[in-house]
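Reading through the C-alpha cells given below for one structure.
The values are calculated or read from the model by the stated rules, or taken from the named source; none is laboratory data. Everything numeric in this text was worked out from a predicted model, so none of it was measured. Reconstructed Cβ throughout: ideal geometry from the backbone, glycine too, with neighbour counts over all protein chains shown. Just the protein is used for accessible areas: all its heavy atoms, side chains included, with ligands, DNA and RNA removed. Shrake-Rupley method; radii C 1.70, N 1.55, O 1.52, S 1.80 Å.
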Amino acid sequence: MGLPVAYVTFADPDGHDDERETALAAWAAAGIEGRAVRWDDPAADWAAYEAAVVRSTWDYVERRAEFLAWAHRAAERTRLLNPAPVIERNTDKTYLRDLTAPIVPTHWTETGLPVWDEYVVKPSISAGARDTIRTRDRGEAERHAGMLRAHGRTPMIQPYLDMVEAEGETSLLFFNRRFSHAVRRSAMLAGGATAADNAVSTPRDPAPDQLELAESVLAGVEGDLLYARVDLVRLAGGAPALIELELTEPYLYLSSSPEAPANLARALRELLGQRVELPPSTGMTAPVR
Ligand SMILES: Nc1ncnc2c1ncn2[C@@H]1O[C@H](COP(=O)(O)OP(=O)(O)O)[C@@H](O)[C@H]1O
Ligand SMILES: [Mg+2]
C-alpha cells in the first residue's frame, strides 16, 4: 500500500465535522488509508501523504490569505484535492461574475441598487451565511454593503428569492465530476434570522434542468475535482440558477444517500490511480526518429 491520504480538517473542538468518520471508513473499504490532519498544524509533513483532501477547513473564512498560502505550499509537497488554483478561485464568490451559466441576479456595489422587494446582502468571501443580511429596506441594504466595502470586502446584493422557503435550495454532489447524489436544503435566512444552524436537508432527485445546469457549470471549471457541490435555486420565472459553486470545503451530505461514501472513495481511487499511471511505452512524447 502507498502513502496515506490526509483528510484535511481544522481544530474542531465541538466536533462539527460529522462526515469525517464516514469518509475515512469508506476510504478504508476502498483500500485507502486516510488520516485526519489539521491544515494549520505546524508539525504536519504534507510530503508524507499521497494526497491531501481538503475537507472541513471551516475556519478559513477569517484567515483566507493564510489558508491560500498553506494550500499552495502543501500543493508543492503532495497532491492537493481540490487543486490550489481551484481553491484560490473558489473561496471568493466573485468567480460567479465570470461564469456564463445563469446565476442569481447580483449587484456588486452599494451604489445604484435596483429596486427589489427584498434584499440579501453578503460578502463575496463567506461561508454559512456569515455577515449576511436580509432586508426589505433598500437603505439598510446599501449601508450593509457600504460597511462591507469599508472593511475591504466585496459586497454582493441580490433579490431575496422566497422559493428557498418552498422548494428549497438544491445541492448536487459530484465526485470526480460524476453525479453522486442531491439534497434539498432549507432556507438559511428564513424568518429574518441569519442563523444557519437550523437549516435541514433531505434527499432529492434533481430535475433534468438542474442536472444539466450543474453539469454545464462544472464543464467550465478546469482541473481535477474530487468533489464539487453545485447549489441551485430557481428564479421567479422558474429557471434554475447557480447560487454557489462549492469546490473548497463543502459539506457533502454523505448520509443522504447510501452510495455517497463509496462514490467519494471510488472517485479518490480513480484520481490517485491516474497519477501513478505510467505513460504508455509507445507514448506520444517519445522522440520520433
Ligand atoms: N438571494 C438569496 N435569496 C434567498 N436566500 C438566500 C439568498 N442568498 C443566500 N441565501 C440563503 O443564505 C444561504 C447562504 O448563502 P450562500 O450564497 O450560499 O453563501 P455561503 O453558503 O457561502 O454563506 C443560502 O444557502 C440561502 O439559504
Ligand atoms: Mg452556500
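For the chain, which whole-number percentage of the solvent-accessible area (1.4 Å probe, protein heavy atoms only) is attributable to carbon and sulfur atoms?
Numbers: 7170 of 13860 Å².
For the chain, the apolar C and S fraction of the accessible surface comes to 52 percent.
I need the shape label for segment 5-91. Rule: rounded when a/c is under 1.5, else prolate if a/b > b/c, else oblate, with a, b, c from the alpha carbon gyration tensor. Don't jump to the answer; show the numbers that get you there.
Details: a/c = 1.70, a/b = 1.24, b/c = 1.37.
It is oblate, given that a/c is not under 1.5 and a/b is not larger than b/c.
Calculate how steeply helix 208-219 sits against the longest principal axis of the alpha-carbon atoms of the chain, using the helix alpha-carbon long axis, and give the answer as 0 to 90 degrees to the nearest 10.
It is inclined by approximately 60 degrees.
Please sort 167-174, 15-22 by packing, taking for each peptide the average over its residues of neighbouring beta carbons within 10 angstrom, highest first.
Numbers: 167-174: 22.0, 15-22: 14.2.
Descending mean neighbour count gives 167-174, 15-22.
Ignoring ligands, DNA and RNA, what accessible area per residue does segment 69-114 give at 1.4 Å, in Å²? Write out the running numbers ahead of the final one.
Working: 2100 Å² over 46 residues.
Per-residue value: 46 Å².
Sum up the charges of everything whose Cβ sits under 11 Å from the Cβ of residue 131, counting Lys and Arg as +1 and Asp and Glu as -1, but leave residue 131 out.
Numbers: positive: 122, 130, 153; negative: 62.
My count for the surroundings of residue 131 gives +2.
Can you compute the label reach from residue 88? Point 7 Å from Cα along the Cβ direction, backbone N cut-off under 18 Å, restricted to segment 42-63.
54, 61, 63, by backbone N distance to the label point.
Spin-label point model (7 Å from Cα, Cβ direction): what's the residue 62 to residue 150 distance in nm?
2.1
Please compute the length gained on full extension between residue 190 and residue 35, using 0.36 nm multiplied by the number of residues separating them and subtracting their Cα-Cα distance.
This chain segment gains 52.0 nm when fully extended.
Grab the Cα-Cα distance for residue 73 and residue 21, subtract it from 0.36 nm times how many residues apart they are, and report the gain in nm with one decimal.
16.1 nm
Working from Cα positions, state the angle (0 to 90°, nearest 10) between the long axis of helix 64-75 and the longest principal axis of the chain.
Once rounded, the angle reads 20 degrees.
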